[in-house]
Amino acid sequence: MTAVGTMVWLSSEIMFFAGLFAMYFTIRSVSPDMWAERTEYLDVTFATINTMILVISSLWCQFGVWKAERGIPHRTGSIFKIGNPLGAEGWGMREWYVLTYLFGATFIAGQVWEYATLTSEGVTPTADPYGSVFYITTGFHGLHVTGGLIAFLLIIGRSFTAKRYTHAQATGAVVTSYYWHFVDVVWIALFAVIYLLQ
């Protein structure tokens, strides 16, 4: 039931982001000259690297899911023995989720740096419609990523406190991965629209 509930909730999130995309395209169609001028401030190379960091974090997350599904909450052996994500040896769910968290936090730090750079160049949320939709769309996504990072901390923390790794804990790890994959896919769409379709 937890997995089904998460999928239903993510369906409503799809509608939320669809509304943000609709807002973006509507305002862009009204002010095409502003878009041509303001998109010059975007650092596409930096955004591409930041996007790759988030996409790779989804891979680490999936490795953690495979471990959770096999009932392996933490590593067996040395921290340097990563092992096969599909095998019983090496890192467990906790280590893969910590790595996912670090990559996700790096993505958010990159977004903060990008915001600071754009603000210093005059692209602010209140400067014009472009700034408003840019910060609203990417900002709401950033809040969703931050929510995912908090969820990872809770899942990682539970792996330390529980005496026995149960099916309920594995389910928590799996549904957190649903959410994380969702925010990754949404970011790929946002990246394509904002940075590539200038």
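The values are calculated or read from the model by the stated rules, or taken from the named source; none is laboratory data. The structure presented is a predicted model; accordingly, all values stated were derived computationally and were not measured. Cβ placement follows ideal geometry from the backbone for every residue including glycine, while neighbour counts extend to all protein chains displayed. Surface accessibility is based on the protein's heavy atoms, side chains included, excluding ligands, DNA and RNA. Shrake-Rupley method; radii C 1.70, N 1.55, O 1.52, S 1.80 Å.
In a solvent-free Debye calculation with one equal scatterer on each Cα, what is log10 I(q)/I(0) for region 40-88 at q = 0.23, 0.29, 0.32 Å⁻¹, listed in the order of the q values? After summing over all Cα pairs, the log10 values are -0.84, -1.06, -1.15. Compared with the dominant principal axis of the Cα atoms in the chain, helix 129-161 is inclined by about 10°. Hey, in the GNM for the chain with a 10 angstrom Cα cutoff, which one of Gly64, Gly139, Gly77 fluctuates hardest? Sorting by GNM fluctuation, first place goes to Gly77. The residue list Gly148, Ser29, Ile14 was ranked by how far each Cα lies along the charge dipole of the chain toward its positive end, using unit charges on Cβ atoms, and Gly148 comes out on top.
Add +1 for every Lys or Arg and -1 for every Asp or Glu among the other residues with Cβ under 10 Å from the Cβ of Asp128, and state the total. Please report the intermediate quantities before stating the final value.
Values: positive: Arg38; negative: Glu37.
My count for the surroundings of Asp128 gives 0.
Fully extending the segment from Thr161 to Leu59, taken as 0.36 nm per residue of separation minus the present Cα-Cα distance, adds 34.2 nm.
Exactly which chymotrypsin sites (Phe, Trp or Tyr not before Pro) in region 1-105 are in a DSSP loop and have at most 16 other Cβ atoms within 10 Å? It would help to have the intermediate numbers written out before the result.
Details: sites: Trp9, Phe16, Phe17, Phe21, Tyr24, Phe25, Trp35, Tyr41, Phe46, Trp60, Phe63, Trp66, Phe80, Trp91, Trp96, Tyr97, Tyr101, Phe103; in loops: Phe80, Trp91.
Passing sites in region 1-105 are Phe80.
Against the longest principal axis of the chain, how steep is helix 167-191, in degrees 0 to 90 to the nearest 10, with axes from Cα atoms? Result, in degrees: 20. GNM remark for the chain: springs join alpha carbons under 10 Å apart, and the peak mean-square fluctuation among Gly87, Gly71, Gly131 falls on Gly87.
For region 64-132, the list of GluC sites (Glu not before Pro) that fall in a loop by DSSP and count at most 15 other C-beta atoms within 10 angstrom reads Glu89, Glu121. Annotation: per residue accessible area for the chain equals 50 Å², rounded to a whole number [probe 1.4 Å, protein chains only]. Any chance you could give the angle, 0 to 90 degrees and rounded to 10, that helix 44-69 forms with the longest Cα principal axis of the chain? Orientation of helix 44-69: about 20 degrees from the principal axis.
Count Lys and Arg as plus one, Asp and Glu as minus one, and take only other residues whose Cβ is under 15 Å from that of Asn50; the net charge is then -3. Local charge for Gly83 was computed over the other residues whose Cβ lies under 13 Å away, with Lys and Arg +1 and Asp and Glu -1, and equals +2. In the elastic network of the chain, a GNM with C-alpha springs shorter than 10 Å, the most mobile of Ile27, Ile49, Ile79 is Ile79. Computed from backbone phi, the HN-Hα couplings of region 102-113 come to 4, 5, x, 5, 5, 4, 5, 4, x, 5, 4, 4 Hz, rounded to whole numbers (Karplus: 6.51 cos²θ - 1.76 cosθ + 1.60, θ = phi - 60°; Gly and Pro given as x). Sparse packing (at most 16 other Cβ atoms within 10 Å of the Cβ) combined with a DSSP loop state is found for the following trypsin sites (Lys or Arg not before Pro) in region 106-198: Lys163, Arg164.
Cα centroid separation, region 8-55 to region 56-131: 21 Å.
Treating each Cα of region 1-118 as one equal point scatterer and applying the Debye formula with no solvent, the log10 of I(q)/I(0) at q = 0.14, 0.16, 0.21 Å⁻¹ comes out as -0.83, -0.96, -1.17. About the centre of its Cα atoms, region 34-186 shows a dipole size close to 1120 debye [charges on the beta carbon of Lys, Arg (+1) and Asp, Glu (-1) only; nearest 20 debye].
Between Ile82 and Ile14, what is the spin-label point distance in nm, taking each point 7 Å from the Cα along the Cα→C-beta axis? Once both label points are built, they end up 3.3 nm from each other. Roll a 1.4 angstrom probe over the protein heavy atoms and tell me the percent of accessible area of the chain that is carbon or sulfur. The value for the chain is 72 percent carbon and sulfur by accessible area.
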